[in-house]
1. If you go through region 58-74 one residue at a time, how many are within 26 Å of Leu310 (Cα to Cα) and free of Cβ contacts under 8 Å to residues at least 24 places away in the same chain?
2. Sort out which residues of region 429-475 are among the aliphatic types (A, V, I, L, M) and in contact with a helix residue (DSSP H, G or I) (Cβ under 8 Å, 6 or more places away or on another chain), and write them in order of number.
3. Give all pairs with beta carbons closer than 8 Å in which a residue from region 180-192 that is over 10 Å from Asn126 (Cβ atoms) meets a residue that is surrounded by fewer than 20 Cβ atoms within 10 Å (Cβ to Cβ) and among the acidic types (Asp, Glu); count only pairs at least 6 apart in sequence or on separate chains.
4. Only one residue in Glu418, Glu405 is assigned to a helix (DSSP H, G or I) and modelled with pLDDT under 70. Which one?
5. Of all the helices (runs of 4 or more DSSP H) wholly in region 81-183, which have at least 2 residues that are hydrophobic (A, V, I, L, M, F, W, C)?
6. Within region 321-353, which residues are part of a strand (DSSP E or B), surrounded by 20 or more Cβ atoms within 10 Å (Cβ to Cβ) and of a type in the set (A, V, I, L, M)?
7. Does Arg387 satisfy being modelled with pLDDT of 65 or more, surrounded by 15 or more Cβ atoms within 10 Å (Cβ to Cβ) and among the charged types (D, E, K, R)?
Amino acid sequence: MTVWARGSFARAILLALLFVSIIPIIFISVIFINQSTMALTNQMETNLYMLAQSKAEEINLRLQEVWNATAIAARESAYDMEREITPEEMSQKLARYQTDSRNIFGLDMYYNSVGGETTLGNGLSNVYWNNDTAPTTKVLQDIALTEDMDATFASIKAISPQTQWIYMTTPEGMMRLYPWASNDHYPDGWDPREVIFYTVAEPTNNPNLETRWTPPYVDFAGAGWMVTVSTPIISSDGEFEGIMSHDVTIQALKDIALDINVLDGAGYGFIIDSEGGVIAHPAYEGVDASKGTQETVNLATVGLPAFQELIQNMIDRESGQGYFLDETGTQQLLVYAPIPSIGWSLGISVPKSAVVAPATAMRTRALIVAVVLVAAAAAVAVFLARRLHQPLSRLMQGVYAIAEERRPEEIKVESFDELMELANAFNDMADRVWERESRLKKTVADLRIEIDAQRSHKEVQEITETEYFRQLELNAERMRNYVRRSRGKPSSPTLGEAPAV
């Protein structure tokens, strides 16, 4: 005997319905939830990776624009510096340049005398020359000739909003910077030829005369953290004429890299250079440094091994993703992509909990739906079981009534067609059985009466045929004859005798 053969039929039906409905729902739900959770998590990882690629490409394009603009400015300045200038023109151009209170030769005095920013705005360059050393004719000529670069500088600034400063520095130490900034920003005795934006591309350190990027440093003109692309200015006859430099603030890059706004602000972006040094990172925004100080935070030396391995992949200019544990024990996802034009890499770090949060929410909703489906399936199973059980129960009661020789009530079923047909057939059968039972009972009763009559007659006959009963009849007849004679009537023939003729 199995569980399906024991107990009530309704329970067996209920178990069968639950088995064929709930178990598949649970099985399918588990598979769906697992696959959907994995797919959604993979999709989130892919989206973050694509975001990192997009941000890296955007920064790469911006920096490539700066790179190209710097090369154009270098060629233009080489052309301008080779131009012939008359003494009259040079004298006219140099008339505005004066020495300030710190003995710096430039345009500060002129700028302020004509109303400064109110009148000129930023549409003017400035020259820095430390007049502790008297300018040579070459220096004065360079100052006059490079004034024509203002138009080129203005055009570059207009089409390259990420540009902070664009400037040139000659081997003699003269610097022209656009847009205008006061020479008061520079400390006493300052020499631009000793700063990273010059030394990085100067032929002694750059024999191949390549265009190079500087590490991040704090701007001397007060614009904050800066990164500079510098390229040598080479004349048509191959002479080194100076360095053209183009500054981009780290903030401009942060505005791109850190403005990711993903997963409700749970993640952040950052940029590192070719050695792992921080270019932009929210954890190091508040670094306090003096002017000209270079950033020294290196992510390749911080964190746990898994994080350092991912940073090394970034240093190697790879693209990809991976998980790591931070110092708090929180699992993080890091997606990264290279910035080819400068050799940097951009990364986006997001807590794993935020990555899987949509999948977790979806899984919760799916579980709720599964529970509702299971409950609905159970309710349907109970309903169907009752719809099956009630007619069968009535049929069983009818069978019991017939077994107890009672006429069953008419069974009415309003459920399944088969059960309705079964109930109608049972009602017909019950009526026929009851009619046959009634006829049988009447027949049995009639037979019982006939049998009783025959039995009584036989018993009487047996009694009358006894000698005792015959003697009683004879005595009774004699008494009747006596009575008749006494009344004058003829007597009956004596029992056993023939009457007189």
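1. Residues flagged as within 26 Å of Leu310 (Cα to Cα) and free of Cβ contacts under 8 Å to residues at least 24 places away in the same chain within region 58-74 amount to 1.
2. Answer for region 429-475, where residues must be among the aliphatic types (A, V, I, L, M) and in contact with a helix residue (DSSP H, G or I) (Cβ under 8 Å, 6 or more places away or on another chain): Ala430, Val433, Ile463.
3. Matching pairs, first to second residue: Gly189/Asp132.
4. Criteria check complete, one pass: Glu418.
5. Result: 87-94, 137-146, 149-159.
6. The answer is Leu333, Leu334, Val335, Ala337, Ile339, Leu346, Ile348, Val350.
7. Yes: the conditions hold for Arg387.
Listed here are the residues, each with its yes/no results for (1) at pLDDT below 85; (2) surrounded by fewer than 15 Cβ atoms within 10 Å (Cβ to Cβ); (3) hydrophobic (A, V, I, L, M, F, W, C).
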site	(1), (2), (3)
Glu88	no, yes, no
Asp100	no, no, no
Thr119	yes, yes, no
Val139	no, no, yes
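The values are calculated or read from the model by the stated rules, or taken from the named source; none is laboratory data. These numbers were taken from a predicted model, which means no experiment stands behind them. A quick note on method: Cβ atoms are made from the backbone with ideal geometry, for glycine too, and the neighbour counts reach across all protein chains shown.
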